[in-house]
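**Student:** This structure is in structure tokens; I'll ask about it shortly.
The values are calculated or read from the model by the stated rules, or taken from the named source; none is laboratory data. Source: prediction; values computed, not measured. Virtual Cβ from ideal backbone geometry, glycine too; neighbours counted across all protein chains shown. Surface areas here come from the heavy atoms of the whole protein model, side chains and all, with no ligands, DNA or RNA. Shrake-Rupley method; radii C 1.70, N 1.55, O 1.52, S 1.80 Å.
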Amino acid sequence: MTDHCPACGAEGLERFYEVERVPVHSCRLVSTREEARSFPTGELRLGLCRTCGFVTNVAHDASLQDYSVSYEETQAFSPHFRVFLQELAERWVERYELRGKRVLEIGSGKGEFLLLLHELGIGEGIGIDPGFAPERVEERPGLRFIRDLYSERYAHLRADAIVCRHTLEHIAPVAEFMRLVRSTAGDAPVLFELPDVLRVLREGAFWDLYYEHVSYFSPGSLARLFRRVGLEPLLLELDYDDQYILIEARAGGGEPLPLEEEPEAMAEAVAEFRRAYDTRVAEWRERLRSARRPVIWGAGSKGVAFLTTIGAGGGIELAVDVNPYKQDRWLAGSGVRVVAPERLREYRPDLVVAMNPVYLAEIGQALSELAVDVPLAAV
């Protein structure tokens, strides 16, 4: 276990949240209920650095994880998410004049975002991700995908912009990683997107804390890390219903931006989380016990963390997901089966719990089209 902050190096991380036997992967495709229930687990022990506001899992063991095997993280089957992705791609292409330019994406997943950038006119795109599935992407001139983790072996890959979305939270040595990005970037803009832990703590959102995320950033702690490695944040904002941090930077220094909170605000948010946690877990356990056939909608990391934390799946038998690659699989840990929305016609649930409130309208429309009249709630 580490007691030094991976972001700033300060000693004495303050532990505030512990869960044992957490599935080490939330987005792995598991083929049987037995395999799901015996899925490898680790410990979640979150520690706060009061010096810079960074949060990390001090018990994280990277050797337990493998992102190259049946990993299904994409959200791009959601129409709502695709609109967000399109708007973000357009924004970055316009702002940094990327038409005809080369873009390097670190942690490119199944390639959806790089494909969007290519459709918007970038000249060349290189994506690096161990979970890349070549059969899922149509070959196009000017696009290249490397099925691997980003490391020093790719430091020679120069680009006119570096994009990194929902990857930094999976990296334990964050300062080391960002120094590598800085050395690769040169004068190119560095464009990152990742979850905001300040929101998670203030809302008591225990379903947003899981093993795959070893590093948790607030706007302030993220900006401080960027400056520490020599990147000047040019823009820092929240998006996607204030769930995601967007940071855009170039080489240099700079002054704090308006969205940056002080480390003391993170300590206050941790205290809020501690006060709210037990109550929120108890409320959801009682609500699920009161239902006869509850289901969750969203078979990703939030769903796995939710079911793991409330225990034994909370009496839930099914998880709904619009991603066809997840359907007819089982969630790691709980062994809950993943089904297509159409399965609800015959199952007739009496409660649907959306794992992300941003999708409430989309889910409500789907239920209406299926003629499934059921209460819809959100975590």
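**Student:** Kindly establish whether residue 83 is under 29 Å from residue 331 (Cα atoms), free of Cβ contacts under 8 Å to residues at least 60 places away in the same chain and not basic (Lys, Arg).
**Tutor:** yes
**Student:** Next question. Out of the residues in region 40-82 that are in contact with a helix residue (DSSP H, G or I) (Cβ under 8 Å, 6 or more places away or on another chain) and aliphatic (A, V, I, L, M), which is most open to solvent (accessible area, probe 1.4 Å)?
**Tutor:** 76
**Student:** Out of the residues in region 1-33 meeting the condition of being part of a loop (DSSP other than H, G, I, E, B) and aliphatic (A, V, I, L, M), tell me which one is most open to solvent (accessible area, probe 1.4 Å). Before you say what the answer is, go through the steps one by one.
**Tutor:** Step one: list which residues in region 1-33 are part of a loop (DSSP other than H, G, I, E, B), which gives 1-3, 5-10, 12-13, 24-27, 29, 31-32.
Restricting the remaining residues to those that are aliphatic (A, V, I, L, M) gives 1, 7, 10, 13, 24, 29.
Values: 1: 140, 7: 4, 10: 20, 13: 19, 24: 2, 29: 34 Å².
Within region 1-33, the match that is most open to solvent (accessible area, probe 1.4 Å) is 1.
Yes or no, residue by residue, for (1) open to solvent by 20 Å² or more (accessible area, probe 1.4 Å); (2) over 22 Å from the mean Cα position of the chain (by Cα); (3) farther than 30 Å from residue 333 by Cβ:
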| position | (1), (2), (3) |
| --- | --- |
| 193 | no, no, no |
| 205 | no, no, no |
| 216 | no, no, no |
| 224 | yes, no, yes |
| 232 | yes, yes, yes |
| 269 | no, no, no |
| 283 | yes, yes, no |
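**Student:** Here's a follow-up. If a residue must be open to solvent by 40 Å² or more (accessible area, probe 1.4 Å) and part of a loop (DSSP other than H, G, I, E, B), how many such residues does region 234-243 contain?
**Tutor:** Residues flagged as open to solvent by 40 Å² or more (accessible area, probe 1.4 Å) and part of a loop (DSSP other than H, G, I, E, B) within region 234-243 amount to 2.
**Student:** Going through region 253-266 one residue at a time, which ones are under 16 Å from residue 14 (Cα atoms) and either under 22 Å from the mean Cα position of the chain (by Cα) or at pLDDT below 95 (or both)?
**Tutor:** Result: 266, single match.
**Student:** Keeping to region 244-274, report how many residues are part of a helix (DSSP H, G or I) and among the hydrophobic types (A, V, I, L, M, F, W, C).
**Tutor:** Let us first name the residues in region 244-274 that are part of a helix (DSSP H, G or I), namely 263-274.
After this cut, where a residue has to be among the hydrophobic types (A, V, I, L, M, F, W, C) as well, the list is 265-267, 269-271, 273.
Here the count works out to 7.
**Student:** If we scan region 282-303, do we find a residue that is touching a residue at least 12 places away in the same chain (Cβ under 8 Å), closer than 30 Å to residue 327 by Cβ and hydroxyl-bearing (Ser, Thr, Tyr)?
**Tutor:** yes
**Student:** Then there is this: Could you pull out the residue among 139, 169, 176 that is charged (D, E, K, R), within 20 Å of residue 88 (Cα to Cα) and not in a strand (DSSP E or B)?
**Tutor:** Just one listed residue meets the conditions, 169.
**Student:** If residue 181 meets every condition in (1) open to solvent by less than 10 Å² (accessible area, probe 1.4 Å); (2) closer than 21 Å to residue 272 by Cα apart from one, which number is that one?
**Tutor:** Condition (2) is where residue 181 drops out.
**Student:** Looking at the structure I just gave you, is residue 101 open to solvent by 20 Å² or more (accessible area, probe 1.4 Å), in contact (Cβ under 8 Å) with a residue 12 or more places away in the chain, of a type outside the set (Phe, Trp, Tyr) and under 29 Å from residue 156 (Cα atoms)?
**Tutor:** Numbers: open to solvent by 20 Å² or more (accessible area, probe 1.4 Å): yes; in contact (Cβ under 8 Å) with a residue 12 or more places away in the chain: yes; of a type outside the set (Phe, Trp, Tyr): yes; under 29 Å from residue 156 (Cα atoms): yes.
Against the criterion (open to solvent by 20 Å² or more (accessible area, probe 1.4 Å), in contact (Cβ under 8 Å) with a residue 12 or more places away in the chain, of a type outside the set (Phe, Trp, Tyr) and under 29 Å from residue 156 (Cα atoms)), residue 101 qualifies.
**Student:** Further question on the same structure: Could you list, ordered by first residue, the pairs with Cβ atoms under 7 Å in which the first is in region 244-265 and surrounded by 17 or more Cβ atoms within 10 Å (Cβ to Cβ) and the second is among the β-branched types (Val, Ile, Thr) and assigned to a loop (DSSP other than H, G, I, E, B), at least 6 apart or interchain?
**Tutor:** Listed pairs, sorted by first residue: 263/51.
**Student:** Inside region 104-147, can you point out the residues that are among the aromatic types (Phe, Trp, Tyr) and open to solvent by 40 Å² or more (accessible area, probe 1.4 Å)?
**Tutor:** Correct list: 145 only.
**Student:** Condition check: part of a loop (DSSP other than H, G, I, E, B), among the acidic types (Asp, Glu) and either in contact (Cβ under 8 Å) with a residue 12 or more places away in the chain or open to solvent by 40 Å² or more (accessible area, probe 1.4 Å) (or both). Does residue 94 satisfy that?
**Tutor:** no
**Student:** Let me confirm something: among 361, 371, which residue is in a helix (DSSP H, G or I), open to solvent by 60 Å² or more (accessible area, probe 1.4 Å) and of a type in the set (A, V, I, L, M, F, W, C)? Let's see the steps before the verdict.
**Tutor:** Working: 371 fails: in a helix (DSSP H, G or I).
None of the others qualify; the one that does is 361.
**Student:** Now for a separate question. Out of 340, 332, 354, 299, report the one residue that is over 24 Å from residue 31 (Cβ atoms) and small (Gly, Ala, Ser).
**Tutor:** When all the criteria are applied, what remains is 354.
**Student:** Right, here's the next one. Return the residues of region 309-348 that are part of a helix (DSSP H, G or I) and open to solvent by less than 40 Å² (accessible area, probe 1.4 Å); say none if nothing qualifies.
**Tutor:** Within region 309-348, 309, 310, 313, 314, 341, 344, 347 qualify.
**Student:** So, one more: Going through 155, 172 one at a time, which residue ends up being open to solvent by 10 Å² or more (accessible area, probe 1.4 Å), under 27 Å from residue 4 (Cβ atoms) and either among the charged types (D, E, K, R) or at pLDDT below 95 (or both)?
**Tutor:** Sole residue among the options that is open to solvent by 10 Å² or more (accessible area, probe 1.4 Å), under 27 Å from residue 4 (Cβ atoms) and either among the charged types (D, E, K, R) or at pLDDT below 95 (or both): 155.
**Student:** Using the structure shown, decide if residue 129 is over 20 Å from residue 245 (Cα atoms), within 19 Å of the chain's Cα centre (by Cα) and in contact (Cβ under 8 Å) with a residue 12 or more places away in the chain.
**Tutor:** yes
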